[in-house]
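Novice: Below is one structure. I have some questions about it.
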Amino acid sequence: MPEAPELLEQVIEQPITITGNKPQKVNLLGMDLPHLKAFFTEIGEKPFRAVQILKWIHQFGVDNFDDMSNVSQALRQRLSDIAEIRAPQVVLEQKASDGTTKWLMRLDGGNSIETVFIPEDNRGTLCVSSQVGCALDCSFCSTARQGFNRNLSSAEIIAQLWTANKMLNERIPKTEASPNKNSQNETRRAITNVVLMGMGEPLLNFDNVVQAVHLMVDDNAYGLSKRRVTISTVGVIPALKRLREECDVSLALSLHAPNDAIREKIVPLNKKYPIKELLDACRYYFSGDTKKKQFTIEYVMLAGINDSTRNAHELARLLRKLPCKINLIPFNPFPESDYVSSRMQVIKQFRDILQKAGYVTMIRKTRGEDIDAACGQLAGKVKDKSRRVNSDKS
Ligand code: SAH
């Protein structure tokens, strides 16, 4: 057995992107195909240029117009004058003993966000942030303690995938990677799945998240299937309805409780969107489609709060007839957190009840604990604008 790698913490001295620092330039990194076509039309160029540029940026990771060899010299020059491809700088990379890697990315304005890559035997999942901090104040989440600053732009969201792809592909041995194919001659990519489970509530940053997700599933960009892109949400009902029309990818609902009384205490948004209405919105989201996208219920296991056998039976009844699988998440502690995770024996008992009731139920393996990269531990650096005095739970 190879020894587990030592915890690696590496401060990146050099940003990996070329940062154009003329703010008036248009950043093309976050534009999906329709937006890029509109951009080219606006500057009097043929819209088909959008597909070319999209491929250069997202399939080849190019951030310099000069490298775009099938674009005329004149257009390359023009694009360099008015546009840029600009991602946040990676300022810290940490690698956990289980291979989980976390990057801290610095944004304009002094905030930073975190992005996590979780390698597994048959897939690699990138956990992407959607906001600087979070305004929802779920009582068991460390991002909530940071307060909220702002939404990420679509460029800042897709930049996490763009950057992680570049960093990870650099690590694939050249012999294997060249020319980015494996032995079956398939494109080899380290990242096979994306989950919007990092910092923030994706459905409260709707337009930018949707634009970034369009890029994730576009064959001219990352070409991920809808099953492999998951938006994790506390459940914002009007946004769920819009989402179905605009990009119906997989969904993870952070339910965490079998009834409103418990959920209200740990997820304040439940007062606005109670469970019954929320599950109805999810039913609508999945109506007419059970195959293309997946539905996961997330349930954080908090000792003495939501983890009794009674709670398990109640949850099984609540979810009846919903085509979902259930992920039980052991609570990940963070400094000053007031909760304790349920013991593994209790979690297994909870799982068994749900399985007997017919639900595919998994216990989420905690990854990247030694670098605080697990669910709910992402903190980044948030200049809190929400003016919370502190995050006392009342
Ligand atoms: N706002 C979105 C996405 C971010 S959180 C959402 O709530 O779904 C991603 C997942 O991690 C959510 O299910 C969240 O409830 C869970 N989580 C948050 N804090 C946690 C903690 N301390 N331990 C375990 N899971 C946590």
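Novice: Within 10 Å, count the other beta carbons around each residue, average over each peptide in 250-262, 192-204, 39-51, and list them highest first.
Specialist: Numbers: 250-262: 20.4, 192-204: 24.5, 39-51: 14.7.
Result, highest mean Cβ count within 10 Å first: 192-204, 250-262, 39-51.
Novice: Moving on. Between residue 192 and residue 314, 0.36 nm times their residue separation minus their Cα-Cα distance comes to what? Can you show the working numbers first?
Specialist: On the way: separation 122, 0.36 × 122 = 43.92 nm, distance 3.48 nm.
This chain segment gains 40.4 nm when fully extended.
Novice: Going by average Cβ density within 10 Å per residue, which order do the peptides 218-231, 142-155 take, highest to lowest? List each step's numbers first, then the result.
Specialist: Numbers: 218-231: 18.7, 142-155: 22.5.
Descending packing order for the listed peptides: 142-155, 218-231.
Novice: Tabulate in residue order the Karplus-calculated ³J(HN,Hα) for the stretch 134-140, using 6.51 cos²θ - 1.76 cosθ + 1.60 with θ = phi - 60°, rounded to whole Hz; enter x for Gly and Pro.
Specialist: Running phi through 6.51 cos²θ - 1.76 cosθ + 1.60 with θ = phi - 60° gives 7, 9, 7, 6, 4, 6, 10 Hz.
Novice: Quick check on packing: order 74-80, 107-113 by the mean number of other C-beta atoms within 10 Å, highest mean leading. Don't jump to the answer; show the numbers that get you there.
Specialist: On the way: 74-80: 15.4, 107-113: 18.4.
Ranked from most to least packed, the peptides come out as 107-113, 74-80.
Novice: Then there is this: Which far-off residues, 5 or more places away or on another chain, put their amide H under 5 Å from the one on residue 297, with H placed in the peptide plane?
Specialist: 253, 325, 326, 327
Novice: Looking at the stretch 30-84, I'd like the Rg to Rh ratio, where Rg is from alpha-carbon atoms and Rh is Kirkwood's inverse mean 1/r. Before the final figure, lay out each step's value.
Specialist: Numbers: Rg = 10.1 Å, Rh = 11.2 Å.
Here the Rg-to-Rh quotient is 0.91.
Novice: Restricting to DSSP loop positions (anything but H, G, I, E, B) with no more than 15 other Cβ atoms inside 10 Å of their own Cβ, which trypsin sites (Lys or Arg not before Pro) remain in the stretch 287-332? Intermediate results must be reported in sequence, preceding the final value.
Specialist: Details: sites: 291, 292, 293, 310, 317, 320, 321, 325; in loops: 291, 292, 293, 320, 321.
Sparse-neighbourhood loop trypsin sites (Lys or Arg not before Pro): 291, 292, 320, 321.
Novice: Kindly list the residues of the stretch 66-89 that lie in the label zone of residue 170, defined by a backbone N under 16 Å from the point 7 Å along the Cα-to-C-beta vector.
Specialist: Answer for the stretch 66-89: 87-89.
Novice: What is the Cα centroid distance between the stretch 321-351 and the stretch 233-284, reported in whole angstrom?
Specialist: 19 Å
Each reported figure results from applying straightforward, stated rules to the coordinates on display, with no laboratory input. Please read these numbers as outputs of a predicted model, since none were measured by experiment. Reconstructed Cβ throughout: ideal geometry from the backbone, glycine too, with neighbour counts over all protein chains shown.
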